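Structure, as structure tokens:
Derivation of every value follows stated rules applied to the coordinates shown; laboratory data play no part. The structure displayed is predicted, hence computed values, not measured ones. Using ideal geometry, Cβ is built from the backbone for each residue, glycine included, and neighbour counts are taken over all protein chains shown.
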Amino acid sequence: MTTNRDPESGWMRQPEAEENGSVLPASCTTVPPSEDVPTAPASPAQQGSRYSHLLLDYDGSVLPFLGGLGTFQRRLVLLTWIPALFLAFSQFSDFFMLDQPDKWCKTNGSLPGRKSPVHLGNDSSPAPEVMLLLPPPQLPTTPSPGTGFTPVHNDSCLCHEWTYQIHAGLVQNVVSKWDLVCDSAWKVHIAKFSLVVGLIFGYLITGCIADWIGRRLVLLFSVIFNLIFGLSVALSVNVTMFSTLRFFEGFCLAGIFLCLYALRIELCPPGHRFMITMVASFIGMAGQFLLPGLAALCRDWQILQAVIICPFILMLPYWYIFPESLRWLMATLQYDASKKQILQTIHKNRIIQESDVKGVMPELERELARRPKKVCIVKVVGTRNLWRNILVLCVNSLTGYGIHHCFAKSLMDPEVNMNIMHNFYANYFAMAGITLASCLAMCPVVGFLGRRGGLLLFMILTALASLLQLGLLNLIGKYTQRPETGMSETVKNKFSVIFSIIGMFSSHAVGSLSVFFCAEITPTVIRGGGLGLVLASAGFGMLTAPIMELHNQKGYFLHHVIFACCTLICIICILLLPESKNQSLPENIPHGEHYTRQPLLPHKKGEQPLLLTNSELKDYSGLHDSVAMGDGVSENTTVNGIKST
């Protein structure tokens with residue numbers, strides 16, 4: 001039986017067996033099946049059940065044959081970028097449609113100039129983030145200093161008609177249309193997290209369906225139903241109908257976002273994946289900056305909702321323009337459909353078939369009779385490394401997006417004397433600017449330190465900002481009470497603002513990088529389900545924000561302490577992750593199992609590792625010549641045993 005050499009240690013590794021008895025290579029550096037000489041004669045049935053190593057090496061064999069990131073692939077990537085603008089409009093629309101306005105009671109016979117202002121106590125924060133790569137601003141949850149705070153249950157709420165002043169550029173929004181104030185103020189919070197709950201369920205369900213029926217079909221149905229539910233939201237007759245339809249709208253938005261994210265990753269060669277993903281993030285941020293102007297032009301929330309949903313009509317022709325993910329088709333052994341798409345791509349890129357040096361097409365012809373094999377995300381339960389990697393990234397995304405609200409609330413705390421932050425647009429664009437700065441910083445950091453190193457750095461910054469804000473500010477607060485120390489409340493406020501900005505900056509990077517990291521280390525056959533788990537975990541983290549607001553911020557300090565402790569746990573867990581920079585994407589579960597953690601300090605040449613895996617211990621023949629063979633590792637072999645291109 002053939003063995004595969006571990007390029008990190010020089011040891012010989014025996015390939016693991018698949019569920020149907022077939023053998024999968026430990027890395028893409030294995031030889032083609034024509035060179036694989038079995039030690040014992042195999043029956044025709046056993047030979048027919050063996051995977052083709054050449055076809056599974058998509059990044060090393062199939063993608064170069066198709067021209068890499070050719071003209072046709074560039075057009076498809078562009079088509080995945082354009083909807084990011086539409087998704088951003090839907091993502092941040094709650095900031096405008098559910099903004100809590102100032103209100104005055106219209107009394108019978110009162111003069112226009114005699115209106116008593118009534119400001120809401122804890123309902124001035126917008127909806128939480130709905131897509132998972134760009135965390136939205138968090139507005140103040142308590143009234144600003146100097147305003148007359150009136151409790152909800154007092155005489156000022158005994159009013160039958162209200163006059164509203166909306167800060168978000170609209171003349172009328174959901175709150176003013178249905179008078180969601182006083183005893184009905186809790187319905188605003190229900191409307192806020194109905195969209196997030198829809199996203200959580202959408203990520204979990206559409207991710208699994210995309211692994212079973214394909215990304216293209218899920219994308220089409222998500223677009224169609226998003227148009228139906230999104231336009232129905234604009235026709236809502238009460239807040240109950242609004243919240244229910246927003247749940248289904250969030251469900252469909254999750255399917256669109258997840259499918260486009262997976263398609264974008266699966267189209268790109270290893271060296272372009274991160275930058276192409278970041279371009280989509282920057283386009284989404286452009287939508288965030290443009291939305292206030294769009295709201296000012298629409299003036300009414302129903303018109304705004306219709307305007308941000310109608311552009312999804314442009315995605316309906318994707319059914320004819322956008323093909324199914326070729327990588328997913330080949331990973332699930334759908335070679336008949338793969339052949340048709342390969343021929344179409346060759347024609348689009350004007351590639352001569354004689355350039356097929358590695359013989360991809362002849363090998364594909366021999367495998368056409370193979371039955372498709374589709375996998376569900378539950379298969380990771382029986383793995384040793386893959387489930388752990390996905391779980392670590394789920395905890396990271398949960399912590400990153402959960403603690404983001406803690407920093408945002410501290411930044412917008414009315415006790416901090418920053419009058420400029422009491423303005424809606426100042427809050428909105430300040431948070432958008434922090435998000436933009438975070439994405440800009442991710443590009444050089446991840447390019448230099450890699451995925452694992454960048455995630456570790458941003459998580460350390462998040463932990464430091466959180467611990468210093470919880471501990472140091474309390475210590476400074478004690479000294480401000482002693483006049484002899486010379487410490488003033490202004491010093492405490494400045495430190496609070498600095499730590500909040502650093503925390504929001506780094507926590508956004510942690511959440512975004514966790515999602516991208518999961519897309520790279522999760523095998524193609526279950527990439528939708530893996531992405532769905534990490535994105536849903538981020539949704540649970542964001543769900544804590546409206547729940548805290550619903551409970552009048554009770555338990556906020558404990559909320560921050562819990563997430564601060566989670567950051568310390570995440571720092572340790574990140575060290576267990578592999579590095580996926582410039583490495584081929586794993587195609588199936590056994591291939592993903594070989595993305596194992598490598599040491600921070602690599603072994604010296606000729607050094608024997610102290611611990612061996614079970615598969616390495618089974619092969620004693622490589623113990624004597626492992627050192628000699630370790631010197632012959634090819635330069636394009638990475639530390640995980642995956643060939644880079």
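Mind pulling up the Rg/Rh value for segment 495-596? Radius of gyration and Kirkwood radius, both on Cα.
On the way: Rg = 16.7 Å, Rh = 15.8 Å.
A ratio of 1.05.
With a Förster radius of 41 Å applied to the beta-carbon distance between A426 and F540, the computed FRET efficiency rounds to 0.85.
Backbone amide hydrogens, once placed in the peptide plane, bring T163 within less than 5 Å of W104, C105, K106, excluding anything fewer than 5 places away on its chain. Around the amide H of D300, modelled in the peptide plane, lie the amide H atoms of V171, all under 5 Å away and 5 or more residues distant in sequence or on another chain.
Here the Karplus relation 6.51 cos²θ - 1.76 cosθ + 1.60, evaluated at θ = phi - 60°, turns the backbone of segment 452-468 into coupling constants of 5, x, x, 4, 5, 5, 5, 5, 5, 4, 5, 5, 5, 4, 5, 5, 5 Hz, with x for every Gly and Pro. Spacing of the modelled spin labels on L297 and R350, each 7 Å from Cα toward Cβ, amounts to 3.8 nm. Evaluated over segment 270-385, the count of Lys pairs having alpha-carbon atoms less than 22 Å apart is 9 (only pairs 8 or more residues apart or interchain). Summary of packing: across the peptides 449-459, 162-172, 182-192, the per-residue average of other C-beta atoms within 10 Å ranks them, highest first, as 449-459, 182-192, 162-172.
Amide H contacts for I351 (H built 1.01 Å from N in the peptide plane; partners 5 or more residues away or on another chain; cut-off under 5 Å): none found. Residue-wise HN-Hα couplings along segment 71-83, as the Karplus relation 6.51 cos²θ - 1.76 cosθ + 1.60 with θ = phi - 60° gives them from phi, are 4, 5, 5, 5, 5, 5, 4, 4, 5, 7, 7, 4, x Hz; Gly and Pro carry x. Between V381 and S184, full extension at 0.36 nm per residue minus the direct alpha carbon distance yields a gain of 66.4 nm.
Rounded to the nearest whole Hz, the Karplus-based 3J(HN,Hα) values (6.51 cos²θ - 1.76 cosθ + 1.60, θ = phi - 60°) of segment 404-412 follow the sequence 4, 5, 4, 5, 5, 5, 5, 5, 8, with x at glycine and proline.
Computed from Cα atoms alone, the Kirkwood hydrodynamic radius reported for segment 486-533 is 13.3 Å.
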